[in-house]
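Just below is one structure, and these are the notes that go with it.
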């Protein structure tokens, strides 16, 4: 008769106030991510009258570009640090959101579609910047065993706020228009920009983190 194998505990959700900035960055990421996942394809289909094949083409372009982008991003994180990478991501996202929401007001139909398609691909690439948030958490973790539960909590927080922003953005689209959905996305990116400026990966900086206890 075989002895029972030892129980392998799963990863449990844990909330640590010391990682407040990480949670906040996760909330901002989740909200802006959901805006693009939900409404960016809808803009291409309903506003620009593009077939689903166009979406497939843009996704393919983003996937191919990501093969080169992700290794380069990893090297950039090692070279410049999470703070610069996440601040840069937020700055680019402001332009992406504004381009996606207002290109038709600035450019002609063809140029507006090209700008919007480029913004769609760029946003796909920026999804990979999530690795910078993960490495940031690993660097500031007070204990190694905090990392997995905190990452799991981050995913849970991400999902909660993603649902909330999707519902709110649907109302905004219906009442005000799709432009204002992406204007909200730009505002979230601006908040993300200034929040990422607070990132410190050294112990002294962590102690002075205003979101830490």
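A short reminder: the numbers here are calculations on the coordinates, not readings from a lab. Every value quoted in this text rests on a predicted model; they were computed, and no experiment measured them. We place every Cβ from the backbone using ideal geometry, glycine too, and count neighbours over all the protein chains shown.
Relative to the longest principal axis of the Cα atoms of the chain, the long axis of helix 178-196 lies at roughly 30 degrees.
The alpha carbon gyration tensor of the stretch 49-119 gives principal lengths a ≥ b ≥ c with a/c of 1.5 or higher and a/b no greater than b/c, which makes the shape oblate.
Between the Cα long axis of helix 52-80 and the first principal axis of the chain there is an angle of about 40°, rounded to the nearest 10. Taking the C-alpha atoms only, the angle from helix 82-106 to the longest principal axis of the chain is near 20 degrees. Given the alternatives (i) 16.5; (ii) 12.2; (iii) 15.8, mean projected area of the Cα convex hull in nm² as computed for this entry is given by (iii). Fully extending the segment from residue 75 to residue 57 would add 3.7 nm, taking 0.36 nm per residue of separation and subtracting the current Cα-Cα distance. What is the distance in Å between the Cα centres of the stretch 30-61 and the stretch 130-188? Measuring centre to centre over Cα atoms gives 19 Å. Across the chain, C-alpha contacts under 8 Å between residues 6 or more apart give a mean separation that, scaled by the residue count, equals a relative contact order of 43 percent. Would you calculate the separation in nanometres between label points at residue 45 and residue 68, each defined as 7 Å from the Cα along the Cα-to-beta-carbon direction? Result for the modelled spin labels: 3.1 nm. Only DSSP H runs of four or more residues enter the estimate; each adds -39500 (n - 2.57), and after division by the residues of the chain the mean residue ellipticity at 222 nm equals -26000 deg cm²/dmol.
Using the Cα gyration tensor of the stretch 66-172, with a ≥ b ≥ c the square roots of its eigenvalues, what is the shape: rounded (a/c below 1.5), prolate (a/b larger than b/c) or oblate (neither)? Oblate, because a/c is 1.5 or more while a/b does not exceed b/c.
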